[in-house]
Amino acid sequence: MIDRLMTQLSELPPESTQQAVGYPSVFLLVTLGALVPVVPTGAVVSSAAVVAFHQTAPLSMLYVFLVASFAAFLGDISLYWLGRRGVGSKNGSRWLAAIRRHAPPDRLEQAQTKLREHGVTVLVLSRLVPAGRIPVMLACLLGDWPLRRFARGDVPACLAWAATYQLIGVLGGSLFDEAWEGVLAAVVLTLVLSGAPALWRRLRRPGGDESPGSAGRPT
């Protein structure tokens, strides 16, 4: 069966082969990155958008947007569900502990204040702010938001996030004739945007000290 599949893939046009491999890869990486915030998912989406920009298939960009949005939503909902199980358990859970590790106390307090003042709007914006997603998610968990309420806010958040990083990829792809050059530019730009807030906070602290776990992480 595997030999037959490989033969079929080798007979596909190059763009079809890229799509057959690329879309599942984007889905898996973005979902994994939402569950375990160490994968630079923004860079994944931007890179996929560059490749789609250089393809002739008319719906490539739309497919990247849909796959990235759905994968981000699925990862967020899964992580939130696992976190709620920890909140409701007397002994907590390793997932809730992991979420807490990625949400320093100062960022959590700030997220809780903004969530009380602005509600779902903060959840939508949290995915666009580097390292902003996890503190707001933990604030929702501690505020006892039901899964359905969190999901309603997370849908526009994931759509806006996918559109933003796809736009970064399109801008990078439009500057270069070769797709790999655009991918490199998009990855560098995404990483710079993700790391700039953490660097700025570090520079503002006296002596450059930073509390453990407050470094920015890719979203």
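The values are calculated or read from the model by the stated rules, or taken from the named source; none is laboratory data. All values derive from a computational prediction rather than experimental measurement. With ideal geometry, Cβ positions are generated from the backbone for all residues, glycine too; neighbour counts draw on all protein chains shown. Accessible surface areas use protein heavy atoms only, side chains included; no ligands, DNA or RNA. Shrake-Rupley method; radii C 1.70, N 1.55, O 1.52, S 1.80 Å.
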Which residues, taken from the range 35-82, are in a helix (DSSP H, G or I), open to solvent by 20 Å² or more (accessible area, probe 1.4 Å) and more than 25 Å from residue 173 (Cα to Cα)? 35, 73, 74, 77, 78, 81, 82
Top-ranked residue of the range 113-126 - restricted to ones that are surrounded by 17 or more Cβ atoms within 10 Å (Cβ to Cβ) and not hydrophobic (A, V, I, L, M, F, W, C), ranked as nearest to residue 76 (Cα to Cα): 126
Only one residue in 163, 157 is buried (at least 21 other Cβ atoms within 10 Å of the Cβ), of a type outside the set (Ser, Thr, Tyr), in contact with a Phe, Trp or Tyr (Cβ under 9 Å, 6 or more places away or on another chain) and modelled with pLDDT of 90 or more. Which one? 157
Going through the range 127-149 in order, the residues found to be in contact (Cβ under 8 Å) with a residue 60 or more places away in the chain, crowded, with 23+ Cβ neighbours inside 10 Å and in a helix (DSSP H, G or I) are 133, 134, 137, 140
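Determine if the range 41-54 includes at least one residue that is more than 21 Å from residue 166 (Cα to Cα), in contact with a Leu (Cβ under 9 Å, 6 or more places away or on another chain) and touching a residue at least 40 places away in the same chain (Cβ under 8 Å). Full working, then the answer.
Residues of the range 41-54 that are more than 21 Å from residue 166 (Cα to Cα), as a first pass: none.
No.
Using the structure shown, decide if residue 186 is touching a helix residue (DSSP H, G or I) at 6+ places or on another chain (Cβ under 7 Å), open to solvent by less than 20 Å² (accessible area, probe 1.4 Å) and at pLDDT 85 or above.
no
Before we move on, is residue 110 open to solvent by 50 Å² or more (accessible area, probe 1.4 Å), touching a residue at least 24 places away in the same chain (Cβ under 8 Å) and not aliphatic (A, V, I, L, M)? Lay out the reasoning, then the answer.
Values: open to solvent by 50 Å² or more (accessible area, probe 1.4 Å): yes; touching a residue at least 24 places away in the same chain (Cβ under 8 Å): yes; not aliphatic (A, V, I, L, M): yes.
So residue 110 fits the description; yes.
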